[in-house]
Amino acid sequence: MAESARDLLDSIATSFTEWRPQASGESVVDGPIAWRGYDDARARAAVRTGESESVVCGQATVGDIEVALVVFEFGFLGGSIGEETGRRVATTFQRARQRRLPVVSVIATGGSRMQEGMRALSQLHGLAREIAATRAAGLPQVSVLCDPTTGGGWATLGAGADVVLALPGAQVGFAGSRVRPDGDPRAYTAEAHWDTGQVDQIVDRKHLRDALARWLRLLTTPAPRAVDPPRALGATDSPATGWDAVVRARAPERPRAARYLDAYFAWREPIRGDRAGGADDGVLCGFGWRDGAAVAYAAQCGTATRPAGFRTATRLVRLADRLGIPVLTLVDTPGAAAEDVAERDGVGPAIASLFEAIASARVPVTSLLIGEGGSGGALAFAAPDRLWTTPDGYFSVTSPEAAAAILKRDTSEVPATADELRLRPSDLVDLGIVRGIVGP
């Protein structure tokens, strides 16, 4: 049995003022479709839970941030979404926009309320409209998936949030346990949705308040200007030749993205996945705290970047742009994944979307080349006007090996081809590709 809404409220908010609903002015015996016994079922649910509907809504303080809060009461008819539920949630989103508050939805629901038929299901249109309007207003939305989060509650308030947190072991899925077809039950867990990039973080119940407070601070405290690139953590001297630059960038001991991010930020929180069933562990995305403000980051980890990695970075840049948060990208890949699976997964459109997201961003994007810069798969992560490199980096139209093969040169000519490509950090400065070489 899910926790009561009031218990959840007490555990995550330091203050709460409930927004009491106004009477709808409509009273129909046994609801809009005259479902026999519906009024009695609602009355029993009210006595059992102490609530008049399946949601409790109001203004709360989480950490030091004021939020508009929606908390589901699963004990009230399984947290199902009916007309009055939809009306209360819509009012909460409208007040959030009026007061410029982020929205937090703590969800425990079995889906739409059958006793109200299509009048209940149609509430999903209204929820989607409020989510879209709040997104357009530049306000962040965070959802917390409790057990269970299924049906329309998952497909609107849950999956439609900017950041999705979930409690361990929570049942999550569009189909509820009583109606889904036979198959692997693990697919309907929070952990499975994290694996496939539909949930950003699994958060232990005892850490939920702190996690929400950190996320809300990040999403509501943008850095006021473009950020400087990180300092170099590896070599300090320039490579003598193009091939030396390639060898240095490919060295396994060279500092990678995680080390740069840890040195740059006081602390950070990750987002995960492309929201389309894919996650690339070779791309780190999220928001970090630096000098008292938030910066978004998208960082390649030195592996071939998969379609899901490009799409996750695109999601990150677009979210940061909407919230007014500057972006830092770290470039480090031998190139985009090129095997048949990547092609079927849409690597070309994924790269195109990231190019477009960075090109159209209204917030400043700062980029640092920390290792390999292999062709368009690397360039897609780079800001065209705010790009720096470390002494460990190289950028190339294609790898020296591929260039030699295309030109039908012997493999012994690969080092010389690297020199001809002019891909050293100093060459990139001379060619006007990067602004400069960062120091330690």
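What follows is calculated from the coordinates using simple rules that are stated; it is not laboratory data. Treat the numbers as computed from the prediction; the structure is a model and nothing was measured. Virtual Cβ from ideal backbone geometry, glycine too; neighbours counted across all protein chains shown.
Of all DSSP-defined beta bridges confined to the chain, some 40% are antiparallel rather than parallel.
Sorted from longest to shortest, the spans of the Cα atoms of the stretch 5-220 along the three principal axes equal 47, 44, 32 Å.
Counting only DSSP beta bridges with both residues in the stretch 5-220, the antiparallel share comes to about 40 percent.
Shape class of the stretch 300-440 from the Cα gyration tensor (axes a ≥ b ≥ c, square roots of the eigenvalues): oblate, since a/c reaches 1.5 or more and a/b does not exceed b/c.
By definition, a body whose alpha carbon gyration tensor gives a ≥ b ≥ c is oblate when a/c is 1.5 or more and a/b is not larger than b/c, and the stretch 294-340 fits this oblate description.
Computed on the Cα trace of the stretch 114-220, the radius of gyration divided by the Kirkwood hydrodynamic radius gives Rg/Rh = 0.99.
Across every pair of non-identical alpha carbons in the chain, the mean reciprocal distance, once inverted, gives a Kirkwood radius of 23.5 Å. Residue exposure proxy: Glu73, Glu53, Glu191, ordered by other Cβ atoms within 10 angstrom of their Cβ from fewest to most, comes out as Glu191, Glu53, Glu73.
Summing Lys and Arg as +1 and Asp and Glu as -1 over all other residues whose Cβ lies under 10 Å from the Cβ of Arg119 gives a net charge of -1. Arranged from fewest to most other beta-carbon atoms within 10 Å of their beta carbon, Asp162, Asp262 become Asp262, Asp162. The residue list Pro270, Ala159, Gly138 was ranked by how far each Cα lies along the charge dipole of the chain toward its positive end, using unit charges on Cβ atoms, and Gly138 comes out on top. With the highest mean first, a sort of the peptides 335-344, 286-295, 99-108, 206-215 on other beta-carbon atoms found within 10 angstrom per residue produces 99-108, 286-295, 206-215, 335-344.
Identify, among Ala357, Gln300, Gly346, the residue whose Cα sits farthest towards the positive end of the charge dipole of the stretch 242-430, taking +1 on the Cβ of Lys and Arg and -1 on the Cβ of Asp and Glu, with the dipole about the Cα centre. Highest projection toward the positive end goes to Ala357.
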